[in-house]
């Protein structure tokens, strides 16, 4: 009797983990987001555009190598777009998923059989170590589509002694009949006084001034104002650089992007324009 019971128990356990005829393994359902697609990858570096590059458009170099630089520094490289087509092409949009990258799009039209040089700035304040970011140039006109390049950086983190906030001076909309201005604050993060030796903008029509006199004491800040003069800029994007020279050895020269949009007198500003 004891032997029969043992055989029955053994038979019951031997059936565990086995599938009956016609039974299938139930797979775990894939997690989807609201639109039914698979989960998005973490935000940050954009993926390559899958659509083919526009015909007759050559972008050089395809990789902008900014090399090694320190936290808080700004570095610039130049990229060139060449249009081999018989008709001009317009850059409708130039962007990067990295907020530290500033594409200085002073002109938007690439002439037929011509080229357009574009400066690309990287502000290292929010970067650390070796990173690669995508740059996208959306085109319209003789051809449509997007071309892509990469920006490679290697930023060494150091104890910050100065901070400028915000990281860019935003002029908003500049018109021929109205002044426009932007402000940034210069913070001294040390216990010792730091002197602002000089402030200036690299673009005619922009004036930079410092509020107050004397050194910036430890733990204090100083207001720096950028003003765009009337009837100076042609309609289009404004991309300039505010240069701040100090007596701080670690941050002797600080470069701050200045951005805005120039409109003709009387032209309404877009509702989404940042002020």
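All of the numbers you see were taken from the coordinates with simple rules; none came from a lab. Small disclaimer: the values here were computed from a predicted structure and weren't measured. All Cβ positions, glycine included, derive from the backbone under ideal geometry; neighbour counts span all protein chains shown.
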Within the range 141-178, the residues whose backbone N lies under 18 Å from a label point placed 7 Å from the Cα of residue 211 along the Cα-to-Cβ direction are 163-172
Simple label model, 7 Å out from Cα along Cβ direction - residue 183 to residue 203, nm
2.1
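Is the C-alpha gyration tensor of the range 57-156 telling us rounded, prolate or oblate? Criteria: a/c under 1.5 is rounded; beyond that, a/b larger than b/c is prolate, otherwise oblate.
On the way: a/c = 2.62, a/b = 2.48, b/c = 1.05.
Prolate is the answer for the range 57-156, as a/c is 1.5 or above and a/b outweighs b/c.
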How many percent of Cα pairs in the range 188-247 exceed 14 Å?
60
Quick shape check on the range 162-263: root eigenvalues a ≥ b ≥ c of the Cα gyration tensor, a/c under 1.5 is rounded, otherwise prolate if a/b tops b/c, else oblate, and it reads prolate
FRET efficiency for residue 247 and residue 223, using Cβ-Cβ distance with R0 set to 22 Å, rounded to 0.05:
0.70
